[in-house]
Each structure stands twice: as C-alpha cells, then as structure tokens.
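Colleague: This structure is in structure tokens; I'll ask about it shortly.
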Amino acid sequence: MKINKSSENKGGFGFHPLTSWCSNIGDALAVMCRPGNAGSFTASDHLAALTASFAQIPAPWRGDVLVSIDGAGASHDVLDHLNGLNTAPAHGRRGRRVEYSIGWPVDDRTTSGIEQLRERDWGVALDTDGEVDPAAQVVELTAILRHGPDGDRLASWPADLRVIARRVPRPAGKQTKLGEDPDWEYGAFVTNTPGGQLQWLDARHRTQAHVEDRLKQFKACGARNLPSIDYDRNAAWLQLAALATSLTAWLRHLALDGQLAKSSTKTLRFRILSAPARLITHARRKILKIPPGWQWAPDLATAWQRLQALHPN
C-alpha cells in the first residue's frame, strides 16, 4: 500500500488530492479531494486515507501489509497509528503484521548522526533489481541517534523505529545550499521492519517511485484536468478517474501479457480500447468481432477470452 499526494491540481482549481494505491496491482484504494490550502503533513488526512485503504483490502489479505508514504507521512500520529495496527510483535502468527517505510527529513537531528559516522560505516547500495549500485551507499543511524553523545534523539518516537540514510554523489555543477555537504546528497527513511539487510530495505523503500507511475496513469484517466471550480463535482470526477485507473490496472493484470501488461494508459487506449471491434450476441453468447487487419487483434482476442473465462455466463 502506498500513499502519496497529487499537487497537479493544487493551483488553478484550488484542490489538493491525497491518494492511496495498492502496489501489487496498481489500483486505487482511496482518493481524497481536499481544499487547496490543505497541508502536505496533515496527519488527520493521512489517517483517513489509511483507514479507507485498509477497508478496501479484503480481510484475508490484511494480515501482512507494508505501508509506504513519502516524507509527508513522518509524523507521530501516523507512526503511532501504524504501530497500533501492527499486532504481530505481541501475538505472533495470530497477529497482523503492518510494517511501514516512510520518508524521513534530513534535518539537524539526522545530519548530526551522519556527521558522527566513519567513512567505513557506509555500505554499498542495491538498485531495485538487486544489482549493486556503485554510486550509492547506505547506513543505519538508529544506534547513533539513540545512544550518541547528544542522548536519545528519538525518545519521543516508537521504540522499534529504525532510521536508514542513503547518499549519492552530488552532480557536477549543482549548487549546494547553506550547510549542505558539497560532495554528497543525502536522503533518509524510517521503518519498523525488525530484520533484513539495509540494502534490501533501502531498495524496497525506493519502490515508492511506483507511486509516481500510478499518479501518471491517474492523470491520464482524467485527474489532470478537474472540470469545475465546484468542490463536490471535482470530488466525483476524481472518483471516476480512480475507477478508470483501477479498471485498466486490473485489465493489465488479468488479461494482458508482455509489454502491454506494463503499458501506459495512452498506449492501452490506442491499441486495445479504441480497437474497431463490435460486440454482438448470438445464440445467447457474447461474441467480439475484430477486424482481421487490426495489428493488435491477437492481444485483444486473448484478453477477451481471459475475461470471458472469469465470467463464462
């Protein structure tokens, strides 16, 4: 489960949506239309999106969930709420495991922990395919921030919270802000996953980039241009765009193969949804008639057969 905000419509129309997506499939779990002045760090909105998202997941699949949020979710209320949902530490297999991977600010506290590191403390990073990323390095800051010379700087946060930092070389010619390292760019995230290699946890967190792809498909299905200055109409429009995004996501998952299963909404619309085909009924059967010259006729026929197999009647 991944939660992110969409700032595409913040200007002009005055609304600032918050969205939640199921990373496995790519369908929308929750879409909230908010006022344009709604804050990115508003914990109550994140909690409402989390509650709606969990309600959308069928009960048998709520026992092991990873929640990923960008840096706007790094608040006490959100982390405390997720910890309350995570009953696995107390009840073992009878409990529900809810883990999180949330962006963390590289503020004075985080920077102070980074400054106490030795060069050999940094380890190599992996990309999302599991290959070594020679340009990036990762390290865990939890022990330094908990037991460093400045005392426990995470005392008000959950006891199982882990802080992991990542650095990459600063691009040549890129100017630094006051107080920034001229050689490295830093990022950080927090998680409550008790084990796992740092490299794996870091690569897992960076699948948050999938959310950007979900938002791209969401905007391609109509969310880019809200139709009105009326709040309720725009809220309904966003729900319709989310429904269209979910339907195309399940179409890719259930009926398509190869590149089409990973294609953008624009490609899907051109190759499949706009096909010059006709749906007819003969002998109480639904038949899809596809012109033989259509380049993607085999893909469309296969998709139709698979969907028909799900509901043969």
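The values are calculated or read from the model by the stated rules, or taken from the named source; none is laboratory data. Keep in mind that what you see is a predicted model, and the values were worked out from it rather than measured. Here the Cβ positions follow ideal geometry from the backbone for every residue, glycine too, while neighbour counts run over all protein chains shown.
Colleague: Are there any pairs, at least 6 apart or on different chains, whose C-beta atoms fall under 6 Å, with the first in the stretch 27-42 and in contact (Cβ under 8 Å) with a residue 24 or more places away in the chain and the second charged (D, E, K, R) and in a strand (DSSP E or B), and if so, which?
Modeller: Ser40/Lys5
Colleague: While we're here: Taking Ala220 as meeting all but one of (1) within 30 Å of Leu307 (Cβ to Cβ); (2) crowded, with 20+ Cβ neighbours inside 10 Å; (3) of a type in the set (Gly, Ala, Ser), write down the number of the exception.
Modeller: Failing condition for Ala220: (2).
Colleague: Quick check on my filter: what residues within the stretch 48-62 are assigned to a loop (DSSP other than H, G, I, E, B) and in contact with a Lys or Arg (Cβ under 8 Å, 6 or more places away or on another chain)?
Modeller: Arg62
Colleague: Inspect the stretch 165-179 for any residue being in contact with a Leu (Cβ under 7 Å, 6 or more places away or on another chain), touching a residue at least 12 places away in the same chain (Cβ under 8 Å) and within 25 Å of Asn86 (Cα to Cα) and give the result as yes or no.
Modeller: Yes: the stretch 165-179 contains one or more residues that are in contact with a Leu (Cβ under 7 Å, 6 or more places away or on another chain), touching a residue at least 12 places away in the same chain (Cβ under 8 Å) and within 25 Å of Asn86 (Cα to Cα).
Colleague: Okay, next question. Considering only residues that are surrounded by 15 or more Cβ atoms within 10 Å (Cβ to Cβ) and not in a loop (DSSP other than H, G, I, E, B), which ones fall in the stretch 23-47?
Modeller: Hits for the stretch 23-47 are Ala28, Leu29, Ala30, Val31, Met32, Ala43, Asp45, His46, Leu47.
Colleague: Only one of Asp77, Asp27, Asp45, Asp64 is at pLDDT 90 or above, within 18 Å of His205 (Cα to Cα) and charged (D, E, K, R); which?
Modeller: Residue meeting the stated conditions: Asp64.
Colleague: Which condition number in (1) within 18 Å of Ile25 (Cβ to Cβ); (2) modelled with pLDDT of 90 or more is the one that Arg271 fails?
Modeller: Every listed condition holds for Arg271 apart from (1).
Colleague: Out of all the residues in the stretch 112-123, which are closer than 15 Å to Ala188 by Cα and in contact (Cβ under 8 Å) with a residue 24 or more places away in the chain?
Modeller: Once the filter is applied, which keeps residues that are closer than 15 Å to Ala188 by Cα and in contact (Cβ under 8 Å) with a residue 24 or more places away in the chain, the stretch 112-123 yields Ser112, Gly113, Ile114, Leu117, Trp122, Gly123.
Colleague: Just checking, which of Leu126, Leu85, Leu145 is more than 26 Å from the chain's Cα centre (by Cα) and assigned by TED's automatic domain parsing to the domain that holds Pro169?
Modeller: Leu145
Colleague: Under 8 Å by Cβ, and 6 or more places apart or on different chains, what pairs join a residue from the stretch 215-226 that is under 9 Å from Ala241 (Cα atoms) and in contact (Cβ under 8 Å) with a residue 60 or more places away in the chain with one that is of a type outside the set (S, T, N, Q) and in a loop (DSSP other than H, G, I, E, B)?
Modeller: Here the result reads Lys219/Glu8; Ala223/Glu8; Ala223/Pro17, each pair linking the stretch 215-226 to a residue that is of a type outside the set (S, T, N, Q) and in a loop (DSSP other than H, G, I, E, B).
Colleague: Ala52 versus (1) within 19 Å of the chain's Cα centre (by Cα); (2) buried (at least 18 other Cβ atoms within 10 Å of the Cβ); (3) small (Gly, Ala, Ser): which is the lone unmet condition?
Modeller: In the conditions (1) within 19 Å of the chain's Cα centre (by Cα); (2) buried (at least 18 other Cβ atoms within 10 Å of the Cβ); (3) small (Gly, Ala, Ser), Ala52 misses (2) alone.
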